[in-house]
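Below: one structure, written as structure tokens.
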Amino acid sequence: MSRFTLRSLFASAKLYRCPGCVMVSKQTYCSSYGENDKVIPNLVNRNPRNMEMLRLAHKPQGWQLEDSSRKYWYKLVMEHSRRHTIGRVVHHTGTTVVSASTQEWAIKQHLYSTSDVSAAHNIGRILADRCLKSGIAEVYTELDHYEETSEKVRTFLSAIRDGGVVMEEPEFIYERMVDMSIYKKAVVPWQVTEEEALIDSPSSDTPTPA
């Protein structure tokens with residue numbers, strides 16, 4: 001709801017006054033209500049991920065020929081070495097939102113090894129629980145390319161899915177033009193055929209001399 005809508009609703013609410021209402025600085029409040037019952041006409045969005053959760057935030061497009069895609073809000077990353085296993089959810093700005101690692105003593109003390117398949121399974125299970133508690137239910141990942149070749153990655157992704165996190169992000173809701181008749185899909189030059197180029201060219205509208 002926009003700021004102007006709230007103001008119009010608040011203005012219309014002044015027409016219905018109860019006997020206990022008082023006027024304070026051109027605003028009507030009911031004296032029978034408490035301090036928390038007052039309607040604030042201006043609201044400030046303090047959640048930085050609110051637009052992403054509403055599917056209204058734009059995703060960075062990047063380049064089509066890039067090896068790693070940038071079209072995501074949150075990306076699932078797994079790092080494993082000879083000593084530790086780390087799972088992270090990275091925002092498209094580069095900051096880590098949620099992470100779980102065998103370097104944490106609360107996790108390490110319950111594991112026989114910090115670099116085996118069991119460690120990858122537990123890191124995925126803990127990371128999925130932390131993602132859901134943080135409000136992240138869908139993530140983008142490129143680890144599915146290594147799911148068939150790596151047992152650790154396959155176990156890690158299986159634990160993430162069992163935890164309730166979806167491995168695919170939905171598309172953002174973008175505003176289309178009102179007049180759909182003038183809406184034309186943007187294409188790249190190498191996808192335009194010769195017939196379409198001749199039809200769209202200005203010289204095709206001029207009559208040829210007899």
Task: Sole residue being of a type outside the set (A, V, I, L, M), surrounded by fewer than 18 Cβ atoms within 10 Å (Cβ to Cβ) and in contact with a Phe, Trp or Tyr (Cβ under 6 Å, 6 or more places away or on another chain), chosen from R70, R49, R55, R83 - done: R55
- [ ] State yes or no: is S181 touching a helix residue (DSSP H, G or I) at 6+ places or on another chain (Cβ under 8 Å), modelled with pLDDT under 85 and not assigned by TED's automatic domain parsing to the domain that holds S99?
- [x] no
- [ ] Please enumerate the residues belonging to segment 116-151 that are open to solvent by 70 Å² or more (accessible area, probe 1.4 Å) and among the aromatic types (F, W, Y).
- [x] Y146
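The values are calculated or read from the model by the stated rules, or taken from the named source; none is laboratory data. Please read all numbers here as calculations on a predicted model, not as lab measurements. A quick note on method: Cβ atoms are made from the backbone with ideal geometry, for glycine too, and the neighbour counts reach across all protein chains shown. Keep in mind that these areas ignore ligands, DNA and RNA; they rest on the heavy atoms of the full protein, side chains included. Shrake-Rupley method; radii C 1.70, N 1.55, O 1.52, S 1.80 Å.
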